[in-house]
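Computed from the coordinates by the stated procedures, all read-outs in this text should not be read as laboratory data. Model, not experiment: these values are computed from the prediction.
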Amino acid sequence: MTKYLISFPSGAMDFPAEDFQAVVDASHAVVQQAKDAGVWVFGGGIDESIPPVMVDGDGTVTEGTYPQTRQIEGGYTVLEVPSREAALEWAAKIAVACRCAQEVRAFQYDPAS
């Protein structure tokens, strides 16, 4: 089976503040469905209050990140499912719960893992 990354930027979530708890509840329900189905690997949101750092091969830590990844934030889910179609079905469930479109990407297969 292939692992799929299903994600969205935090700015994509555009709903009234009074709907926040309903969105949380709906997203937790989809997570539970994925766990019950045995496809859940992990998921969560990037803590945007903690700035990213770069760690070099010699252990040097530098504030910041790659220029092309400055906008990595939002929510991420990794599922392991039997097909791309199954990943798209789960992405649709997450899109409904989070009230925003989801990006779907497949991880490359690594026979050593």
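Structure values in brief
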{"read-out": "Choice from SER27, SER49, SER83 showing the highest fluctuation, given a GNM over the chain with Cα pairs closer than 10 Å", "value": "SER49"}
{"read-out": "Karplus-derived 3J(HN,Hα), 6.51/-1.76/1.60, for each residue of the stretch 101-109, Hz, glycine and proline x", "value": "4, 10, 8, 10, 9, 8, 7, 5, 6"}
{"read-out": "Long-range HN-HN contacts of CYS100 with modeled amide H, under 5 Å", "value": "none"}
{"read-out": "Gyration tensor (Cα) of the stretch 40-81, equivalent ellipsoid semi-axes in angstrom", "value": "24, 14, 10"}
{"read-out": "Phi-based couplings in Hz for the stretch 18-34 (Karplus 6.51, -1.76, 1.60; Gly and Pro marked x)", "value": "5, 8, 3, 5, 5, 5, 4, 4, 5, 5, 5, 5, 5, 4, 5, 4, 5"}
{"read-out": "Interatomic Cα distance distribution for the stretch 6-63, bins of 5 angstrom, percent", "value": "4, 12, 15, 19, 16, 13, 8, 9, 4, 0"}
{"read-out": "Two-decimal Rg to Rh for the chain - Kirkwood Rh, Cα set", "value": "1.02"}
{"read-out": "Relative contact order, percent, the stretch 18-77 [alpha-carbon distance under 8 Å, six or more residues apart]", "value": "33 percent"}
